[in-house]
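**Student:** Quick one: the structure is below, questions incoming.
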Amino acid sequence: MITSLIRQHPRLSLVIGVVLFLLVVAVILAIFALSRVYAMPPQPLPFQHSKHIQAGIECLFCHPGVTDGPVAGIPSMAKCMGCHNNVQAQNPKDQADIETIIQHWKSGRPVQWIKVNDQPDFVKFNHRPHIAAGVACESCHGDVSNMGYAKPYNLNMGFCLNCHRKQAAEKVTKLIDCATCHY
């Protein structure tokens, strides 16, 4: 049937070919765009969450802002050096990374970390109620204990609403109200 249709309309095969080609190009571009969105941004210093978690450091030690407000915060170099002045790396290969951090500390320059997880300006996210409700960091940030360097996680409106809808019935109405996150 299709072959007879193409014989009757020779340009149809050209149109189908062009449409298929454009579809393949669109899929390739979409994959490329998504890989860029979820790619790990380059950081100015080597920092591996997994190694710190394996050493027994809790998320809240370095990110205490989650208990008091909207932003988790990034530890100061003084906090990093509080440990790294006194602790040797468990793996000697990691000592070079620590030496880089020590040299940066000695230079007195602040570290210009690149945000890994960020929300658009129209989203008003606050860590405090999530931590108070017992939401584990991994629930939103992924299994950081298995990430060398922190990676962006799929934090979008659908992700949040899926979790908000699973809460106690008396809380759901408020949690899915637009004004809860967009104010």
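All of the numbers you see were taken from the coordinates with simple rules; none came from a lab. Everything quoted here is computed from the prediction, not taken from an experiment. In this analysis, Cβ positions are derived from the backbone assuming ideal geometry, glycine residues included, and neighbour counts consider all displayed protein chains.
**Student:** Does region 162-183 hold any residues that are more than 17 Å from GLY134 (Cα to Cα) and of a type in the set (Lys, Arg), and which are they?
**Tutor:** LYS174
**Student:** If you go through region 88-139, how many residues are charged (D, E, K, R), within 19 Å of SER76 (Cα to Cα) and without any contact (Cβ under 8 Å) to a residue 24 or more places away in the chain?
**Tutor:** Count: 3.
**Student:** Just the residues that are aliphatic (A, V, I, L, M) and part of a loop (DSSP other than H, G, I, E, B), please, taken from region 134-183.
**Tutor:** VAL135, ALA136, MET147, ALA150, LEU155, ALA168, ILE176
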